[in-house]
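The structure appears below as structure tokens.
Each value in this text was obtained by applying a stated rule to the coordinates, not by laboratory testing. Predicted model only: the values in this text are computed from it and were never measured. When we count neighbours, we look across all protein chains shown, and the Cβ atoms used for this are built from the backbone with ideal geometry, even at glycine.
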Amino acid sequence: MKKSFLIVLIIFMVSFMSACSGNGQEASGDANGKKEVLIWHHYTGSADVLDKLIDEYNSSQDKFMVKEEYVPFNEMNRQLSVGSAGGSLPDLIIADTVNNVSLASMGILADLSDKVKEWGVKEKFLNGPMNSTVYKDKNYGLPLTTNALGLFYNKQLLKEAGISKPPSTWDELEEAAGKLTTDDVKGFGLSAVKSEESTFQFYPFIYSAGGDYRNLDSPEVVDTFQFIKDLLDKGYMSQDVLTATQDDLSSMFEAGNLAMMINGPWMIDQVNESGIDYGVTYIPKDEKFSSVTGGDNISITKDGNVEGAWDFAKWLLAPEQNEQFAKGTGYFPTRKDVLEEADYWKNEDKVKEFIPIMEVAEARGPSANWPKVSESIQLAIQEVLTGTKSPEKALKEADQKIEKIEE
């Protein structure tokens with residue numbers, strides 16, 4: 001009798017513990033009774049600033065314990081899809097701004113509209129970054145960081161090549177890249193790796209020519225791809241650009257093997273450490289100067305620990321933390337009050353060069369189908385630069401794919 005009772009008691013306890021734990025993050029906690037908040041992010045070199053802020057937050061209150069997991073930038077979308085299908089998503093997601101609308105359309109994010117309204121600081125954020133969180137007139141995230149792309153150039157190499165100033169047009173870019181290319185140095189580089197990074201890097205050129213993703217087979221976009229392919233075919237760019245990330249470009253630039261590159265302000269501290277004498281300016285133009293906004297948004301999954309995730313997100317985007325995080329990652333703050341009042345972005349050498357660039361920067365998309373749209377663009381980039389297909393054919397096929405995706 002006692003044995004039977006013991007068995008029943010054990011079964012009851014196991015069932016009770018399973019029911020309490022569930023699949024969500026809200027029921028989990030640490031030894032101090034704090035509820036766990038799991039965050040996924042893609043940071044590598046700048047992960048230490050996030051680590052520091054998470055530690056500060058965890059020590060500042062006794063309700064929640066934020067934990068983090070690193071997911072490679074190129075793997076984020078796939079991992080989110082797998083996690084969504086398997087019910088194993090984190091509570092918080094830090095991802096590229098263009099992913100926000102796509103994730104919202106999938107139905108996995110919490111609608112934060114009421115919380116944002118109650119918070120009462122929406123008007124303190126930059127319009128562009130804040131708008132990237134909006135899907136069907138509702139907020140599904142908060143803008144964490146913002147940035148844009150510019151042209152980095154090695155002043156010493158330009159001087160040795162007899163170039164008095166950085167190129168400002170496509171013709172000048174091609175001429176300068178030719179003069180700068182030697183046995184040991186490539187004149188120009190941009191990332192053409194098959195990921196969002198290549199779409200990001202190609203888009204300023206597409207915009208500058210008057211094109212966009214809705215009309216990829218237009219003469220303007222065809223000419224854009226042909227121009228970049230010509231730089232590669234003439235040897236002014238390395239074949240390595242087909243697999244080079246933005247980090248890889250920076251490493252080549254710092255080593256003196258790349259004279260000019262397209263990159264963003266998050267690389268400034270790293271390049272400064274190399275000791276290279278360099279400058280930053282607008283990306284050379286066709287019809288107009290252009291750039292694209294980048295950065296990250298922070299969003300909350302609807303089935304996770306929404307209360308804890310929102311508490312941390314609000315804390316992270318308070319002025320002091322927003323400034324600290326933006327400065328530590330090399331991005332720009334998303335709050336207007338921080339950008340206007342902090343001296344760093346107005347006075348810091350190289351950083352201030354990006355302020356006028358950001359004024360001409362435009363968003364990619366926006367589209368709820370952006371990951372698939374971007375994949376079509378990435379494939380066209382690879383096909384054109386490898387010579388597998390002509391710009392006309394590759395872009396026509398990409399345009400047809402995007403039309404079906406956007407239907």
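Data for the structure
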| read-out | value |
| --- | --- |
| Karplus-derived 3J(HN,Hα), 6.51/-1.76/1.60, for each residue of region 308-313, Hz, glycine and proline x | x, 5, 5, 4, 5, 4 |
| Theoretical gain in end-to-end length, SER274 to ASP349 [0.36 nm per residue, Cα-Cα removed] | 25.5 nm |
| Nearest-ten-degree value, helix 170-180 long axis tilted from longest Cα axis of the chain | 80 degrees |
| Dipole magnitude of region 120-237, debye to nearest 20 (Cβ charges: Lys/Arg +1, Asp/Glu -1, about Cα centre) | 600 debye |
| Summed residue charge, Cβ within 11 Å of ILE54's Cβ, Lys/Arg positive, Asp/Glu negative | -3 |
| The chain: angle of helix 76-86 to the longest principal axis, Cα-based, in degrees nearest 10 | 30 degrees |
| The chain: relative contact order as a whole-number percent, Cα under 8 Å and 6+ apart | 24 percent |
| Gain on full stretching of the segment that runs from GLU118 to SER105 - 0.36 nm per residue minus C-alpha separation | 2.3 nm |
| Angle in degrees between helix 370-386 and the longest Cα principal axis of the chain, rounded to the nearest 10 | 40 degrees |
| Separation of the THR182 and VAL82 label points, Cα + 7 Å toward Cβ, nm | 4.6 nm |
| Net charge of Cβ neighbours under 9 Å - reference ARG214; Lys, Arg +1; Asp, Glu -1 | -4 |
| 13 Å reach of a label modelled at LYS159, 7 Å along Cα-to-Cβ, counting backbone N of region 261-281 | 276-279 |
| Cβ-based charge dipole, the chain, positive-most Cα from GLY45, THR224, SER81 | SER81 |
| Hypothetical label at ASN215: residues of region 347-369 whose amide nitrogen lies under 17 Å (7 Å Cα-Cβ projection) | 365-366 |
| Extended-chain gain in nm, criterion 0.36 nm per residue less alpha-carbon gap, LYS393 and ASP230 | 57.0 nm |
| Centre separation in Å (Cα based) which lies between region 55-103 and region 190-224 | 29 Å |
| Proximal charge balance of LEU180 [Cβ under 9 Å; K/R count +1, D/E count -1] | +1 |
| Across LYS155/LYS350; LYS285/LYS327; LYS314/LYS352; LYS186/LYS229; LYS115/LYS302, pairs whose alpha-carbon gap is larger than 20 Å | LYS285/LYS327; LYS314/LYS352 |
| Under 5 Å, built H, 5+ apart or other chain: amide partners of LEU38 | LYS67, ASP91, LEU92 |
| Point-charge dipole on Cβ atoms (K/R +1, D/E -1) for the chain, about Cα centre, debye to 20 | 1120 debye |
| Antiparallel bridge percentage (DSSP; both residues within the chain; nearest 5) | 60 percent |
| Estimated FRET transfer efficiency (LYS67, ASP247; beta-carbon r; R0 30 Å; 0.05) | 0.75 |
| FRET E, pair ASP137, GLN239, Förster distance 30 Å, beta-carbon r, rounded to 0.05 | 0.05 |
| Calculated semi-axes √(5λ) of the Cα gyration tensor in Å (choose from (i) 49, 22, 18; (ii) 30, 28, 18; (iii) 43, 24, 20), label | (iii) |
| Options ASN272, THR181, ALA380, ranked by Cα towards positive dipole end of the chain, top entry (Cβ charges) | ALA380 |
| For region 197-211, Karplus couplings with θ = phi - 60° (6.51, -1.76, 1.60), whole Hz, Gly/Pro x | 4, 6, 4, 4, 7, 7, 4, x, 5, 5, 4, 4, 7, x, x |
| Computed helical MRE - 222 nm, the chain, DSSP H runs ≥ 4 contributing -39500 (n - 2.57), nearest 500 | -14500 deg cm²/dmol |
